[in-house]
Amino acid sequence: SAIVIAFIQVFPLFWDEGCYFVYFTDIAIWGFGDTSCSQLYFFYQDFLLSVCIFCFILFLDAIAVITLRQALDLSQFNQCLRQKRLLEIGFFVQSLCRMVPSLFVYFSFTFISRFATTDWELFGTTTL
């Protein structure tokens, strides 16, 4: 269940005293400690997990493109099937329109926000 997954996710923070994250008040952003445990936690739990989820979604989208393309080729002679495939293509485009901004937001929050020099730049790069 979700509680078990949440416990597994935060368990390393309680396991080692050197594994922590902090709020940097001077730049108004959450970050991870300088210890090796904190950096490993950031990379594997915070960064890599999100990247894997995005890659999995992109993989499913690629399969959908291939499947829709094949189904559209097969349904070109049947008008009812063609309408159904066009509706499915619309749903796929809707999914892409949701995924592309999500990738941009994650990239902005994780990487671009580190280079913000003013409060407004930080606000813009972390609250997209």
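The values are calculated or read from the model by the stated rules, or taken from the named source; none is laboratory data. In this text the structure is predicted, and so the values were computed from the model without any measurement. Backbone-built Cβ (ideal geometry, glycine too); neighbour counts: all protein chains shown. The protein model used for the area step is the full one, side chains on, heavy atoms only, and it has no ligands, DNA or RNA in it. Shrake-Rupley method; radii C 1.70, N 1.55, O 1.52, S 1.80 Å.
Values as computed for the structure displayed
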read-out: Taking the chain and dividing mean pair separation by its residue count, relative contact order in percent (alpha carbons under 8 Å, at least six apart); value: 12 percent
read-out: Order of exposure, largest accessible area first, which applies to Thr117, Thr126 with probe 1.4 Å; value: Thr117, Thr126
read-out: Acute angle (nearest 10 degrees) that the helix 2-15 long axis makes with the longest principal axis of the chain, alpha-carbon atoms; value: 30 degrees
read-out: Accessible surface, 1.4 Å probe, highest first, among residues Tyr23, Tyr41; value: Tyr23, Tyr41
read-out: Amide H contacts under 5 Å for Ile29, placed H, 5+ residues apart; value: Phe24
read-out: Counted charge near Ser95, where neighbours are those whose Cβ lies closer than 14 Å (Asp, Glu -1; Lys, Arg +1); value: -1
read-out: In nm, spacing of pseudo-spin labels at Ala64 and Ile3 (7 Å Cα→C-beta vector); value: 3.4 nm
read-out: Degrees separating the helix 49-74 axis from the principal Cα axis of the chain, which is the longest one; value: 0 degrees
read-out: Descending principal axes extents, the chain, alpha-carbon based, whole Å; value: 65, 37, 22
read-out: Estimated [θ] at 222 nm from DSSP helical runs (n ≥ 4, -39500 (n - 2.57)) normalised by residues in the chain, nearest 500; value: -22500 deg cm²/dmol
read-out: Charge dipole (region 26-128, unit charges on Cβ, about Cα centre) - positive-most of Gln45, Trp30, Trp120; value: Gln45
read-out: Cysteines (scope the chain) whose Cβ has no counterpart Cys Cβ under 4.7 Å; value: Cys52, Cys55, Cys80, Cys97
read-out: Accessible-area order (highest first, 1.4 angstrom probe) of the listed residues Ser102, Ser108; value: Ser102, Ser108
read-out: Charge dipole (debye, nearest 20) of the chain; +1 at Cβ of Lys and Arg, -1 at Cβ of Asp and Glu; value: 880 debye
read-out: Potential lengthening between Gln79 and Glu17 on full extension [0.36 nm per residue; Cα-Cα distance subtracted]; value: 15.8 nm
